[in-house]
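Engineer: The structure follows.
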Ligand SMILES: [Zn+2]
């Protein structure tokens with residue numbers, strides 16, 4: 001299985017699909033599905049029905065739908081550029097991700 005290099009709270013760039021070119025923050029990753037929820041990306045409209053007994057108003061609710069990880073590119077927190085994250089092993093043995101552009105390391 002492919003190692004997930006995109007994590008929660010990462011900033012990502014959408015490289016494919018309707019929201020191509022947009023950036024957003026990762027809210028949740030689903031490693032088994034290979035998808036993630038990204039804030040304000042891949043929004044779907046859900047029509048909700050009014051429910052008087054619970055005083056719920058009917059209407060259109062917008063929410064994020066999962067987007068494939070392969071359609072996302074990590075944005076480096078240091079240089080702000082879309083990058084491919086590499087793996088770097090620190091002297092203490094901990095594995096961190098690293099930016100292929102500026103060389104910054106981050107978790
Ligand atoms: Zn960088």
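None of the figures in this text is laboratory data; all of them are computed from the coordinates on show. Just so it is clear, the model here is predicted, and its values are computed rather than measured. Reconstructed Cβ throughout: ideal geometry from the backbone, glycine too, with neighbour counts over all protein chains shown.
Engineer: Kirkwood Rh and Cα-based Rg: tell me the resulting Rg over Rh for the stretch 36-107, rounded to two decimals. Write out the running numbers ahead of the final one.
Structural biologist: Working: Rg = 19.9 Å, Rh = 15.5 Å.
Reported Rg/Rh (Cα atoms, Kirkwood Rh): 1.29.
Engineer: For the stretch 23-107, what relative contact order do you get, as a whole percent, if you take Cα pairs closer than 8 Å and at least 6 residues apart?
Structural biologist: 18 percent
Engineer: Could you calculate the FRET efficiency of residue 68 with residue 94 from 1/(1 + (r/R0)^6), where r is the beta carbon distance between them and R0 is 30 Å, rounded to 0.05?
Structural biologist: 0.55
Engineer: Hey, another quick one. Highest mean first, what order results for 18-24, 46-52 on Cβ atoms within 10 Å?
Structural biologist: Those peptides, ordered most packed to least, come out 18-24, 46-52.
Engineer: GNM, the chain, Cα, under 10 Å: largest mean-square fluctuation among 78, 91, 11?
Structural biologist: Greatest mean-square fluctuation among the candidates belongs to 91.
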